[in-house]
Amino acid sequence: MTATPWWRHRRLLPLLIQAAAGLAILVVIAFLLGNLVRNLTAAGLLLSWRWLSMPAGFDVAETLLPFNAELPYWRALLAGLVNTLRVVVLALVGATALGTVVGTAAFSSNGLLRRLARTYVELIRNVPLLLQLLFWYFVVFLSLPNGAEAIQLPGLVLAKKGLYLGHTTLVNGVWQGTLRLTLEFSALLTALVIHSAAFIAEVVRGGVASVPRGQWEAARSLGLGHRQTLSRIVLPQALRVIVPGLNSQYIALAKNSSLAVACGYSDLYSVAETTLNQTGRAVEVMLVLLGAYLTIDLLISALMNRLNQLVQIQER
Amino acid sequence: MTADVAIAPTAPQAQGLSPLARLRRECFATPVDGLITLALLAGLGAAVQALLHWALRQADWAVIQANSTLLAVGRYPLGQQWRLWLLTALLLLACGGSWGLLRGRHWPRSDRLTAGLVVAMALMLPRGLALDGAIQARWWGLAALLLLARWASGRWGALLPHRCRPLLPLVWPLLYVVGLVLIGGGLGLQRVTPSQWGGLLLTLLAASFAISLCCPLGIALALGRRSALPVLRWSATLYIEFIRGAPLITLLFLGQNILGFLLPGGLAPDRVWRAVWILTFFAAAYVAEAVRSGLAAVPRGQEEAARSLGLNGVQTLSRIVLPQALRVALPATVGQFITLLQDTTLLSLIGLFDLLGVARAIMTNPDFLGRNAEVYLVLAVLFWCCCAALGLGSRALEKRLSRHAPSSR
């Protein structure tokens, strides 16, 4: 029997490869970090968090938490985070509702409705979200009329000064309502809902398609109508396929909300950008941003995993 | 993919019916269906009428006509633009050549349609954009070149010796390098710095560069993530999850503000290349996930069978596992390419002049104030066409590949 050469040894080879790969990665990281420390020291920007408690000096356009320019940077970032969460949560609800409607419309008995649903998805998915957002903001919302000419719907007034919900009255040419949404927020919300709904519709469609045909036929032969078949028999089974797919769409939506900066809505990213421009603390601001978005992603994943456990088939 | 075989389970079987009966069954089966159809038709009609009224009466398309060069190439120096024309001609020549080699002498219906579309676009678009006579003629020449190359290579392509055939696809990477030199200069050509590239040129360049490099990176990452060696597995996983956890805009921001600190002075690329590299590394993580799902779809027995036939690790991977995995991963990967092409619009948010960046710059010009709708609409149509074409191409390729797939699957 010939002895195996040492470089083909079954135990040794993996160890050698890993050692080489690990060493290479470590060298690259050490090189980058070394440069970072050297360059930051030269620029006088070594990692420090003291700037967080200094007054921000800029205003955040719309906030749920009270905020003014004298409050520290961390309050500004927090206000931005709350704004992000606000738009993400509302967009999640809206996109899920619209996406489910469009996704199930692909199975309608009405041919025109089916084709419209398909067209909607194809239209939205092939145009960049940023372009859609700019369209909604600059073309649709910013050209809304003011005062008495504003578009009035029951419980909703669309005017150039904002969207007014609930009980609305016109006082001296200025609208007042129970709730006022700014145009920036409305444009971002609309763009996110319309865009994500197209992707969610595809997830829903795939889920419904995964339910065996026999289930539809059995339900029909038991005398259930089209709508009952869909809501009682097919959707509950489709949910098992839909929920994991929704998870990644929700995370994508949360990340997409960072495009807010394009329409001037003060979300976390836009506040962070202003903070960076004022303090020059690139590394720290970056860490805050990455940490915040990672936390939001993990939160969504955790919630969706919990939901997934609920809709999975309960076996003996 | 289950989603692609979806047929509406309750869709009426409409084959073999007269068009009228089909319409009745599809849209007016029950009174409720009829009402829905009528309501939808009314809504659609109103929308189309409003759109036509706006496009023909209210819109002022001069903003597009006056800025077509800017939208196409940004601030690329006027005296050097012949290089871009030359590149376009070379690209069309290669396109026509490949097209002809794939199809041969025959012009099936889809080819005739495409040719008709090319002729129609060459005749209509330059006139619609109110270009100079000389430039219009150039576009006609380019269209003729494309069709001529298609015809010639279809007719005589079969005469090529068989040994040359495997080398032909190499024309494309070669052309890419030639293109980079033509665009950026060097080798005796005057340099045009990346900050002068713009518009559609920058968008396509960034997208094509990122698409072609993110594939090998993504495959390597996917293999790393499935590796039995913990160090490789953990580092690949860490990288993929880190990238996928962050919005692209924060990473672009990282590239603009921190990359300069991470590399020794002078080594960091300029702003445009930084953004393009970030796009590449970003897309690689997503492509890696697509490839990973493809790898997971290859049965374990395939690898074991290959090993027991005496293939070594590299051969097993490159001859047996990867071809099957990549075929499964193709739709998801092309989906990522489409996303990537759309994501290039984010370059405009970090102050670069890609297609959207140029468009936004144009709209700050007082002459064109309030002409947002026209510009955004044209951009949307452009992106839609590019993305839809990628999607169509992916589906065609998928069909072609599935012909060679084992029939048991």
Exercise. If you go through the stretch B:179-216 one residue at a time, how many are farther than 30 Å from A:A24 by Cβ, assigned to a helix (DSSP H, G or I) and modelled with pLDDT under 90?
Worked result: 8
For this session: For the stretch A:101-135, enumerate the residues that are touching a Cys at 6+ places or on another chain (Cβ under 8 Å), open to solvent by 20 Å² or more (accessible area, probe 1.4 Å) and more than 7 Å from chain B (Cβ to nearest Cβ).
Result: A:R125
Problem set entry | Selection from the stretch A:235-274 of residues that are free of Cβ contacts under 8 Å to residues at least 60 places away in the same chain, over 14 Å from A:I200 (Cα atoms) and of a type in the set (A, V, I, L, M) | A:V261
Exercise. Which residues, counting only those in the stretch B:217-248, are at the interface with chain A (Cβ under 8 Å from one of its Cβ atoms), closer than 26 Å to B:V321 by Cα, aliphatic (A, V, I, L, M) and assigned to a helix (DSSP H, G or I)?
Worked result: B:V231, B:L232
Exercise. Filter the stretch B:249-270 for residues that are closer than 23 Å to B:V192 by Cα and not in a helix (DSSP H, G or I); which is farthest from the other protein chains (Cβ to nearest Cβ)?
Worked result: B:D270
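If I filter the stretch B:109-126 for residues that are touching a residue at least 60 places away in the same chain (Cβ under 8 Å) and either surrounded by 13 or more Cβ atoms within 10 Å (Cβ to Cβ) or farther than 26 Å from B:R191 by Cβ (or both), do I get at least one hit?
No, the stretch B:109-126 contains no residue that is touching a residue at least 60 places away in the same chain (Cβ under 8 Å) and either surrounded by 13 or more Cβ atoms within 10 Å (Cβ to Cβ) or farther than 26 Å from B:R191 by Cβ (or both).
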For this session: Kindly list, by first and then second residue, each pair from a residue in the stretch B:375-394 that is facing chain A (nearest Cβ under 9 Å) to a residue that is open to solvent by 50 Å² or more (accessible area, probe 1.4 Å), limited to pairs with Cβ atoms under 7 Å and residues at least 6 apart or on different chains.
Result: B:Y376/A:F135
For this session: State all residues of the stretch B:296-315 that are in a helix (DSSP H, G or I) and over 27 Å from B:S394 (Cβ atoms); if no residue qualifies, say none.
Result: B:R300, B:G301, B:E304, B:A305, B:A306, B:R307, B:S308, B:G313, B:V314, B:Q315
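When the stretch B:61-87 is examined, which residues are found to be among the aromatic types (F, W, Y), closer than 14 Å to B:I135 by Cα and open to solvent by 70 Å² or more (accessible area, probe 1.4 Å)?
The first filter runs over the stretch B:61-87 and keeps only residues among the aromatic types (F, W, Y), leaving B:61, B:76, B:82, B:85.
With the extra rule that they be closer than 14 Å to B:I135 by Cα, the set shrinks to B:82, B:85.
B:W82 - this is the single residue of the stretch B:61-87 that is among the aromatic types (F, W, Y), closer than 14 Å to B:I135 by Cα and open to solvent by 70 Å² or more (accessible area, probe 1.4 Å).
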Seminar exercise, completed: When restricted to B:I350, B:I320, B:I362, the only residue surrounded by 12 or more Cβ atoms within 10 Å (Cβ to Cβ), within 12 Å of another protein chain (Cβ to nearest Cβ) and hydrophobic (A, V, I, L, M, F, W, C) is B:I350
Seminar exercise, completed: Those residues of the stretch A:259-279 which are facing chain B (nearest Cβ under 10 Å) and more than 16 Å from A:A76 (Cβ to Cβ) amount to A:L259, A:A262
For this session: Give the number of residues within the stretch A:3-60 that are surrounded by 12 or more Cβ atoms within 10 Å (Cβ to Cβ), more than 11 Å from chain B (Cβ to nearest Cβ) and part of a helix (DSSP H, G or I).
Result: 3
For this session: Only strands (runs of 3 or more DSSP E) wholly contained in the stretch A:151-221 count here; list those with 3 or more residues that are surrounded by 15 or more Cβ atoms within 10 Å (Cβ to Cβ).
Result: A:156-159, A:162-165
For this session: Take the stretch B:291-308 and flag every residue that is among the small types (G, A, S) and buried (at least 21 other Cβ atoms within 10 Å of the Cβ).
Result: B:G294
Exercise. Hey, does the stretch A:65-82 have a residue that's away from chain B (no Cβ under 12 Å), part of a helix (DSSP H, G or I) and touching an Asp or Glu at 6+ places or on another chain (Cβ under 7 Å)?
Worked result: yes
For this session: Please tell me if B:A149 is within 25 Å of the chain's Cα centre (by Cα), farther than 17 Å from B:P269 by Cβ and of a type in the set (G, A, S).
Result: yes
For this session: Name the helices (runs of 4 or more DSSP H) wholly inside the stretch B:29-148 in which the number of residues that are of a type in the set (F, W, Y) is 2 or more.
Result: B:82-103
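The values are calculated or read from the model by the stated rules, or taken from the named source; none is laboratory data. Remember, it's a predicted structure, so these values are computed and weren't measured experimentally. Here the Cβ is made from the backbone with ideal geometry for all residues, glycine too, and neighbour counts use every protein chain on show. Quick note on the areas: whole protein, heavy atoms, side chains included, nothing else; ligands and nucleic acids left out. Shrake-Rupley method; radii C 1.70, N 1.55, O 1.52, S 1.80 Å.
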